[in-house]
Amino acid sequence: MDAKKNRNVNKGAAFLAIFFMLLFLLLFARFLYIEITKEVSGKALDVLASQQWQKTKTIEAERGSILDRNGEVLAQDIPSYSLYAIVDKSYPNHVKDAEETAEKLSAVLGAPKQELIERLTQKDRFQVEFGSYGKHLTLEQKKEIEKLQLPGLNFIRESRRYYPNQVFASHVIGFSSMDLESGRQEGKMGLEKSLNTYLVERDGKISFKTDRTGERLPVSEETMTKPKNGNDVYLTIDEKIQLFVEQALDEVAENYQPKRAIAIVVDPKTGEILALGNRPSFNPNDRNVENYTNFAVSSRYEPGSTMKVFTLAAAIEEGVYNGQE
């Protein structure tokens, strides 16, 4: 029995020795492979190391502005903010009192208090957002919320396209919106679209070294690609004349309810368009577009006899008109 027991022990010991030897050879082969190829899981070791201590941040550029002939802004990028709240109680800076937070936010965001409470009391969430109520907040709204000193509230800074004159040469200027693929504003209509190549911006970036917690090292070297803002575009439109045209079109639309109305003001000496408007129109900030057609440039008219006076006037202007002929 003892001899048989010893044989079993020897077999077990031999098995363990072979197992550990194979394991050692496997680990040795793995280390040797990494040493030779300098790769892990198909990724270079220097790249993996760089990902650990190198951080890159985007430096946002601004889309070019659209201005009238006198430099008055008709379209521009402005800072915008999205609000979110941290509701995870294990995080130091979280929402302490959902009801108080909802009540105070309701007055600023114009949102129903109960809806905000429901969002702030969601289970198993680290953070929550506030839907359309918490998006595209102005700098003034952000400052107003910060004055409330409510714990757990944070902001994400963004840019949005803003048209300060609301319904104003809307079919001429058009509008732009965020393109999810490129991550920047792209023109979708009017001059915003046709001049997009000139208006579009190019974001920059900055790379620097960090410690294991992600904090920037004080003596780290940095590499920067500077952002390039889009080009500003000046139109021949005069803001004051355009405002008069918009008011006149509003009166026509209210008093006569036409299917459509068009008004164009042209400098007769240069042919420059000083104002151009359509009804129905829209507010490019709201994108409530019912009609995408700019009738002022899409409609065609027979010149007919009404154009003869221009031909005659041109002949007189050039001194080639003989009244006796």
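Semi-axes of the equivalent ellipsoid of the chain are 67, 30, 19 Å, computed as sqrt(5λ) over the eigenvalues of the C-alpha gyration tensor in descending order.
Quarter the surface of the alpha carbon convex hull of the range 189-285 and you get the mean projected area, 11.5 square nanometres. Taking G204, G230, G131 as the candidate residues, the one with maximal mean-square fluctuation in a Gaussian network model of the chain, Cα springs under 10 Å, is G131. Note on S182: accessible area approximately 50 square angstrom, rounded to 10, probe 1.4 Å, nucleic acids and ligands left out. Shown here: the range 233-325, whose C-alpha atoms stretch 59, 31, 23 Å along the first, second and third principal axes, sorted largest to smallest.
Under a Gaussian network description of the chain, with springs only between Cα atoms under 10 Å, the residue in A14, A85, A248 that fluctuates furthest is A14. Restricting the range 166-200 to GluC sites (Glu not before Pro) that sit in a DSSP loop and have at most 15 other Cβ atoms within 10 Å of their own Cβ leaves E181. Among R300, R30, the sequence by solvent-accessible area, most first, with a 1.4 Å probe is R300, R30. For the residues T121, T311, a 1.4 Å probe over the protein chains yields an accessible-area ranking, largest first, of T311, T121.
For L249, the shell of other residues with beta-carbons less than 14 Å away shows a net charge of -1, using +1 for Lys and Arg and -1 for Asp and Glu.
What is the log10 of I(q)/I(0) for the range 107-245, computed with the Debye formula using one identical point scatterer on each Cα and no solvent, at q = 0.15, 0.20 Å⁻¹? Values returned for q = 0.15, 0.20 Å⁻¹ are -1.08, -1.20.
Beta-bridge orientation, the chain: approximately 95 percent antiparallel, per DSSP, counting only bridges with both partners inside. Modelled label positions at E302 and D250, each set 7 Å beyond Cα in the direction of Cβ, lie 3.8 nm from each other.
Counting every alpha-carbon pair across the range 76-142, the share separated by more than 14 Å comes to 57%. When all protein chains stay in place and ligands, DNA and RNA are ignored, the 1.4 Å accessible-area order of F15, F175, F28, largest first, is F15, F28, F175. Other residues within the sphere of radius under 15 Å centred on the Cβ of S106, judged by their own Cβ, net out at -4 (K and R +1, D and E -1).
Using the Cβ-Cβ distance between K228 and K89 with R0 set to 56 Å, the FRET efficiency from 1/(1 + (r/R0)^6) comes to roughly 0.80. M307 contributes about 90 Å² of solvent-accessible surface, heavy atoms of the protein only, 1.4 Å probe. Remark: for residue pairs K147/K209; K135/K240; K240/K269; K96/K147; K57/K193; K55/K188, the C-alpha separation exceeds 24 Å in K147/K209; K135/K240; K57/K193; K55/K188. The solvent-accessible area of L26, taken with every protein chain present and a 1.4 Å probe, is close to 120 Å². Computed per residue of the chain from DSSP H runs no shorter than four, each worth -39500 (n - 2.57), the mean residue ellipticity at 222 nm is -11000 deg cm²/dmol. Near F310: Cβ cut-off under 13 Å, other residues only, Lys/Arg at +1 and Asp/Glu at -1. The net charge is -1.
The values are calculated or read from the model by the stated rules, or taken from the named source; none is laboratory data. Remember, predicted model here, so these are calculated numbers, not experimental data. When we count neighbours, we look across all protein chains shown, and the Cβ atoms used for this are built from the backbone with ideal geometry, even at glycine. Side chains included, ligands, DNA and RNA excluded: accessible areas come from the protein's heavy atoms. Shrake-Rupley method; radii C 1.70, N 1.55, O 1.52, S 1.80 Å.
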